[in-house]
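Below: one structure, written as structure tokens.
The values are calculated or read from the model by the stated rules, or taken from the named source; none is laboratory data. These figures come from a predicted structure and were not determined experimentally. Methodologically, a virtual Cβ is constructed for each residue, glycine included, from the backbone with ideal geometry; neighbour enumeration extends over all protein chains shown. We work out accessible area using only protein heavy atoms, side chains counted, and drop any ligands, DNA or RNA first. Shrake-Rupley method; radii C 1.70, N 1.55, O 1.52, S 1.80 Å.
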Amino acid sequence: MTSEIKYGFGVKFAHGIGNLVSQMTYQMFSFLIFTFYWAVVKLDINVITMGYIIWSIWNALNEPLAGYISDRTKSRWGRRIPYIAVSIIPLALIMVFLWTPVSLLPRDLGNFIYFMVIIIAFDGVYTFAFMSHTALFPEMFQDEKERASANLYRQILLVVGLICGFIIPTLLISDPEAHLVSRTQVIAEYQMAGLIIAIITVIAMVITVKWGCKERPEFMKDAYKVPGFRKAVSYSLKNKSFLTYVIVGLMFWTIVSVLPILINLYSRFALGIGAGETIWTGILLGATFIFGAIFVYFWKFVKGRLGTKKTFIISMIVFGITLQPLLFITDRIQGLIVFAIIGLGLAGPMYLIDIVISHIVDEDELKTGVRREGMYYGMNGVMIRFSTVITFIAIAIVFNSTGWHIFGTEAGITPDQLLGLRLLMTAFPAILCVIGVISLLFYPLNEKRLQEIIQAKKELHTKKAEEIRHEN
């Protein structure tokens, strides 16, 4: 039976390396793109927000369309692997060009146009590469134990990618105040960080394509049976399991986008980390991700005892609680402790999301007869990108209401601005966690339903494998 195919450590680790690159590139993007174009290039916060709204509209088409194209691709290399392979060099080049403004003039129109073009290009290439890579996870690892095992490597390497995406830039890029002294030098530092990330990207992606990406012939045949684009979108949007997950996924990824976007400002003004100490920003986030990797084992244990749904609910509650001390702490040592504790909350949803989507894809296959990982991960990607828009709208509202729409800190910030910054890191995520938990209460795939899906899925895959043997 095809569902019993097992992959060894080498394949699982190589597949997980793709997760490393996915997080490293995207987290560097989300970590620095706001600071670069607001504090270095000097675009207005409202202009940047408008840019992200336009970007989200692009993503609303780009993500599901990329997933749909991947599902329907027919080639001797498979449905997913070609897109991963051809994206390697373009993605590496874009990681450098992200930090190459066309003008050094503040608020220059050309810089806004370039900002729009380059973030759209980044997301287009990124989507085809890593939506395809992620879509391979539920296809390659059908057995629940195999998924749990492979997902551990994925999440641990994801944390390594997160650390690289944050630490490498902080080692090279000067404090924001240095922008007032030598903007040309600071831009060069951003470009050097991008170049290092680009080199790692090429090497790691070659490894993951060569040894960590496998496609099963019986599922490649599904490309001939995938419904048309409108029907494919309609089926996904009518799927109760997916719709309830999408809400919690949107809430979770919005919280995750807040942390890297605001960590530079938070560490500077809430924790008193001054010029020349930007490495502390990386240390704080590094503590979250390192402890997150450790706590993945804890959440795997909890899932084994309570099941996916209950564990997901508990993990979202814990995540919201662990963020609340950010409202009060005032120095770097307190920050180090709190950010390490946040790793406990972050690890749970991060570990469970791919498993939940795998279950949704399995359920959908029983309804439609074909595996449509691409479409579901594409639709999920829309939610992830839209989370950034929600974040920037919240930031714009708070910053505008406190008179902080243009970067300028020579005289420090006001108490209202500091309180707004703290609330964005605490109260805002708490509200999102509550919404996510409410949505999870209606998630229909409990453990009893999952066992029914697993049994029916085995029978369907056996039938598909027999059809392939008869054709050959």
**OP:** Would you mind checking the tilt of helix 144-172 against the longest principal axis of the Cα atoms of the chain, expressed as 0 to 90 degrees and rounded to 10?
**Re:** 20
**OP:** Kindly give the semi-axes, whole Å and largest first, of the ellipsoid equivalent to the stretch 257-338, taking each as the square root of 5 times a Cα gyration tensor eigenvalue.
**Re:** 29, 13, 10
**OP:** Report Met192's accessible area, 1.4 Å probe, all protein chains in place, as a number in Å² to the nearest 10.
**Re:** 90
**OP:** For the stretch 334-472, report the convex hull volume of the alpha-carbon atoms normalised per residue, in Å³, without decimals.
**Re:** 180
Original post:
In the chain, what percent of the accessible surface is made up of carbon and sulfur (1.4 Å probe, ligands and nucleic acids excluded)?
Top reply: 70
**OP:** Go ahead and estimate [θ] at 222 nm for the chain from helices alone: -39,500 (n - 2.57) per DSSP H run with n ≥ 4, summed, over the residue count, rounded to 500.
**Re:** -27000 deg cm²/dmol
**OP:** Let me know the Kirkwood hydrodynamic radius for the stretch 106-256, please, with Cα pairs as the basis and the value in Å to one decimal.
**Re:** 19.5
**OP:** Could you list, in their original order, any pairs among Lys12/Lys303; Lys12/Lys310; Lys145/Lys309; Lys238/Lys300; Lys6/Lys221; Lys210/Lys303 whose Cα atoms are separated by more than 25 Å?
**Re:** Lys12/Lys310; Lys238/Lys300; Lys210/Lys303
Original post:
With every protein chain left in place, what is the accessible area per residue of the stretch 23-97 in square angstrom, probe 1.4 Å?
Top reply: 33
Subject >> Directionally averaged shadow of the chain, computed from the convex hull of its alpha-carbon atoms, nm² >> reply: 20.3
Original post:
Of Gly124, Val96, Leu109, which is farthest on the positive side of the dipole of the chain, counting Cα position, with +1 on Lys and Arg Cβ, -1 on Asp and Glu Cβ, and the Cα centre as origin?
Top reply: Gly124
**OP:** Note down the accessible area of Val102, probe 1.4 Å, to the nearest 10 Å².
**Re:** 90
**OP:** With a ≥ b ≥ c taken as the square roots of the eigenvalues of the C-alpha gyration tensor of the stretch 287-411, please select rounded if a/c is under 1.5 and otherwise prolate if a/b is larger than b/c or oblate if it is not?
**Re:** oblate
